[in-house]
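Engineer: One structure follows; several queries about it will come next.
Quick note: the coordinates plus some simple rules give every number you see, no bench work behind them. Worth saying up front: this structure is predicted, and the values here are computed from it rather than measured. Glycine also receives a Cβ, built like all others from the backbone with ideal geometry; neighbour counts cover every protein chain displayed.
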Amino acid sequence: MVDIPLAQPGERIDECELLKWFVQEGDQLEEYQPPCEVQSHKATIEIKSRYNGKVANVLHIPGDIIKVIECLLRMEE
């Protein structure tokens with residue numbers, strides 16, 4: 001299992017709101033494919049995956065506030 005965290009989307013951004021998922025549990029996720037979209041106080045950002053694998057667990061729902069480096073989802077490589 002690989003944990004996919006919310007990467008630092010920009011300077012002085014500590015948290016983001018999850019706007020929507022582009023994947024669901026069981027989907028195949030390719031490297032550089034965005035699994036979700038988040039919004040900070042500065043911008044709306046598509047998060048990119050750094051791994052290829054199958055989405056095992058989606059850990060948040062739209063509207064959740066997620067801290068930087070907090071786990072967004074888990075994947076099976």
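Engineer: Pick out, in residue order, every one of the trypsin sites (Lys or Arg not before Pro) in region 24-65 that is DSSP loop and has at most 14 other C-beta atoms within 10 Å; say none if there are none.
Structural biologist: Listed in order of number, the matching sites are Lys42, Lys48, Arg50.
Engineer: Using DSSP to define loop residues, name the GluC sites (Glu not before Pro) in region 1-50 whose beta-carbon has at most 12 other beta-carbon atoms within 10 Å.
Structural biologist: When the GluC sites (Glu not before Pro) of region 1-50 are filtered for loop state and at most 12 Cβ neighbours within 10 Å, Glu11, Glu25, Glu30, Glu31 remain.
Engineer: Between rounded, prolate and oblate, where does region 2-76 land on the alpha carbon gyration tensor, with a ≥ b ≥ c its root eigenvalues, rounded for a/c under 1.5, else prolate if a/b exceeds b/c?
Structural biologist: Prolate.
Engineer: In which sequence would Val2, Val55 go, from the one with the fewest C-beta neighbours within 10 Å to the one with the most?
Structural biologist: Result, fewest neighbours first: Val2, Val55.
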